[in-house]
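Asks: Right, I'll just put the structure down here and ask away after.
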């Protein structure tokens, strides 16, 4: 049975469906948000971990799906992936440029107080009501503004999220009730000048931001289990992070997501490489002059 059959009554409209071997990729709308799902056929209508991917500002769900394709990894690791659109960033940009209200950023979503927390509640709830989610196995993966939104949701929905992968992002807050027992992987470039490693004034956000170092300490103090992957040559853009993750670890971001979801120590779990044919154009698996980054495994 097609995946969409389980939640057809919950969707506004199905726009396209494409079967890719052992997985099914579907695109539809919920509350006016474009959503793309990746579901292994072997799962049928069984509960499975749910991985939600949130794009950065000025991007959309399609861009995130192209940047972190999870068809092969989801099939092997046994999870469903969901790529979700934010809301229109500003009237000055094309409607394909989206953003999230992470409490203090970004664009029209924050300025207008768009209830993205509620939107994610309802979207996640639809999958749960359909019996498609393994209890306590929901993960958020976000880049930039999407990382901020991932932390914003995890912190404000204690116990609902099992883990967050935050790429080039942080979160400005005084406390984080949802951090207790939360697994967090922070992937960040040392050359990121939007959300820096150390405290600085962001040329985009226009204010002092906490920086990666202070934020990682904060999340640990709040009760999260935190691993940090710093990339010496990476900038803020997802494409730059993508290339440098591959250079430093020999893995694609999609494999890292799969390894995080199955819950074994970072970079040390027994699933076969599934993204060997997906590498950034400038990926150089051997001969890099950059020393490997020291990574702290999740406890």
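Asks: Please compute the length gained on full extension between residue 22 and residue 42, using 0.36 nm multiplied by the number of residues separating them and subtracting their Cα-Cα distance.
Replies: My answer for the length gained is 6.5 nm.
Asks: Based on the mean of other Cβ atoms within 10 Å per residue, sort peptides 60-66, 78-84 so the most packed one is first.
Replies: Values: 60-66: 19.0, 78-84: 24.7.
Per-residue Cβ counts within 10 Å, averaged per peptide and sorted highest first, yield 78-84, 60-66.
Asks: Here is a further query. In nanometres, what is the gap between the two model label sites at residue 217 and residue 237, each 7 Å from Cα along Cα-to-Cβ?
Replies: 3.2 nm
Asks: Hey, with R₀ at 22 Å, roughly what FRET efficiency would residue 180 and residue 128 work out to, going by the Cβ-Cβ distance, to 0.05? Walk me through the numbers before you get to the answer.
Replies: On the way: r = 21 Å, r/R0 = 0.96.
Efficiency for this residue pair is about 0.55.
Asks: Here is a further query. Compute log10 of I(q)/I(0) for the stretch 3-262 with the Debye formula, placing one identical point scatterer on every Cα and leaving out solvent, at q = 0.09, 0.14, 0.16 Å⁻¹, to two decimals.
Replies: Normalising to I(0) and taking log10 leaves -0.36, -0.91, -1.22.
Asks: Then there's this: Could you rank the peptides 127-138, 104-115 by their average count of other C-beta atoms within 10 Å per residue, with the highest value first? Before the final figure, lay out the partial values.
Replies: On the way: 127-138: 16.1, 104-115: 17.8.
Peptide ranking by packing, descending: 104-115, 127-138.
Asks: Further question: Looking at the square roots a ≥ b ≥ c of the eigenvalues of the Cα gyration tensor of the stretch 23-158, which shape do they give, rounded for a/c under 1.5, prolate if a/b is larger than b/c, or oblate? Walk me through the numbers on the way to the answer.
Replies: Values: a/c = 2.03, a/b = 1.57, b/c = 1.29.
Note, shape of the stretch 23-158 comes out prolate.
Asks: Which peptide among 141-150, 117-126, 169-178 comes first, and what is the full order, when sorted by highest mean count of other Cβ atoms within 10 Å? Mind showing how you got there, number by number?
Replies: Values: 141-150: 30.0, 117-126: 16.9, 169-178: 19.0.
Output ranking for 141-150, 117-126, 169-178: 141-150, 169-178, 117-126.
Values in this text are rule-based calculations from the coordinates and carry no lab data. The model shown is predicted, which means the values in this text are computed figures rather than measured ones. Glycine gets a Cβ as well: all are built from the backbone with ideal geometry, and neighbour counts include every protein chain shown.
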